[in-house]
1. Too long at a 31 Å Cα-Cα cut-off: which of Lys143/Lys217; Lys269/Lys305; Lys269/Lys298; Lys143/Lys269; Lys2/Lys98?
2. What dipole magnitude, in Debye to the nearest 20, does region 232-346 give about its Cα centre under +1 on Lys/Arg Cβ and -1 on Asp/Glu Cβ?
3. Report the full-extension gain for the segment Ala31 to Glu170: residue separation times 0.36 nm, less the Cα-Cα distance, to one decimal in nm.
4. Mean separation of Cα pairs under 8 Å and 6+ residues apart, divided by the residue count of the chain: what relative contact order is that in percent?
5. Could you derive backbone 3J(HN,Hα) for region 247-253 from the dihedral phi with the Karplus parameters 6.51, -1.76 and 1.60 (θ = phi - 60°), listing whole Hz in sequence and x where the residue is Gly or Pro?
6. So, counting K/R as plus one and D/E as minus one, what does the shell of residues with Cβ under 14 Å around Val159 add up to?
7. Give me the one-decimal nm value for the distance between modelled label points at Lys143 and Ala270, 7 Å along each residue's Cα-to-Cβ direction.
8. How high is the relative contact order of region 125-275, given as a whole-number percent (alpha carbon pairs under 8 Å, six or more residues apart)?
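What follows is calculated from the coordinates using simple rules that are stated; it is not laboratory data. On a predicted model such as this, the values are computed, not experimentally measured, just so you know. Using ideal geometry, Cβ is built from the backbone for each residue, glycine included, and neighbour counts are taken over all protein chains shown.
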Amino acid sequence: VKLATLVSMARTGDLQLHLRIQRVLNPVYRAFFLSGAASHGVLARLARGPVSFEALAADVAPAPDAHRRLSAWLRVGLALGELRLGPDGYDLRGKLAKQLADPANDAFAALLEEAVTLDRELLIGTPSRLASDQELTLADQQKYGRMVARSSRVLEPYVFEALAGVVPAEGEFRILDVGCGAGGYLRFCAARNTQSTAIGLELQSDVAALAQDNVRKWRLEERVSIETGDIRTRAIEPLFDLITLHNNIYYFPVEDRVDLLARLRGSLKANGRVLITTACQDGQPAIEILNLWAESTKGCGPLPKVTEMVSQLRSAGFTAVHSKRLTPGYNYRSFTGKNESTSRSGCPS
Ligand SMILES: C[S@@+](CC[C@H](N)C(=O)[O-])C[C@H]1O[C@@H](n2cnc3c(N)ncnc32)[C@H](O)[C@@H]1O
């Protein structure tokens, strides 16, 4: 390119625009490539050392006429710096690629998958849905249920800390986990207190099936049961020492939350507690995307504001209401409240 062309482009601002777009596009391409490679087992395959093209093709692209496409796709990975090609074949070069290849980091692979599927669709599709006054439905999310259950696990260390504050290490203790997802928090509680018992309630049947499989795998069937159902229609009986809602208070409209909380209070024994863990409104992009999803989905509501959640817990009759920030740099919080009444006056009729 001639210097004069560059100077002219710089003058009009076109050169800066090219550079700015490039800076945005490369991370987007990286996210798409890594997500595809992680969710189809390619990262895991390459993590075990250099793999020849033939061996890789035999695993991931068995049709002979697919080999040129595989080769072109691998070249993208090389160009992004995520793959390396040596004398013995392909292996992983990027740090993130190596970490995502580790099954222990599955929650982060799911988070990336969520960004390039659900979040992508949400952000790109919102203007046209606004123009035609269309809302999303929870049924639209059904196909992502398992992925969301997997990605929610990135919050585990923070939720574990909050649970350790309310689940005693010993003694009989009965827990209801509303919207239990894959059941990881039920597992934590069962390990923390080996005399505890729990019910995991889950609205989506395929997610409930995943939780049930996990409970079986973890050999907890005797102490933990999974119910498919909706907390809004579940019978109210004061049976539980602790009711938890992790990452789902925004599945309920703001105006229904006091009734929901009162219903939970009615299901608690005297002096039982509720624990809610949730992202709260704060202006961070990841939080605003979650808020957009909740605002766009029929029957859901915005992420809570801290003062609003505290006052709703009090309005539902909870005492000793506390809120605590659980993560650095991200407004992820716990809210706790106590059911001090010994009567069932807190039950909605
Ligand atoms: C984002 S996921 C979180 C799952 C799990 N609590 C976690 O933190 O990993 C929210 C879950 O709440 C469930 N849920 C939403 N509304 C519910 C309701 N009314 N009754 C029971 N479960 C509900 C959804 O089906 C979904 O699986």
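1. Numbers: Lys143/Lys217 23 Å; Lys269/Lys305 28 Å; Lys269/Lys298 33 Å; Lys143/Lys269 37 Å; Lys2/Lys98 41 Å.
Exceeds cut-off: Lys269/Lys298; Lys143/Lys269; Lys2/Lys98.
2. Values: 15 positive and 10 negative charges, 71 e Å.
That gives a dipole near 340 debye.
3. Working: separation 139, 0.36 × 139 = 50.04 nm, distance 4.43 nm.
Between Ala31 and Glu170, full extension yields 45.6 nm more.
4. Numbers: 535 pairs, mean separation 41.4, N = 349.
Normalised by residue count, the contact order of the chain is 12 percent.
5. These are the phi-based 3J(HN,Hα) values: 6, 8, 4, 7, 7, 10, x Hz.
6. Numbers: positive: Arg153, Arg187, Arg192, Lys324, Arg325, Arg333; negative: Glu156, Glu161, Asp177.
So the environment of Val159 carries a net charge of +3.
7. Calculated label separation equals 5.3 nm.
8. Numbers: 219 pairs, mean separation 33.4, N = 151.
Normalised by residue count, the contact order of region 125-275 is 22 percent.
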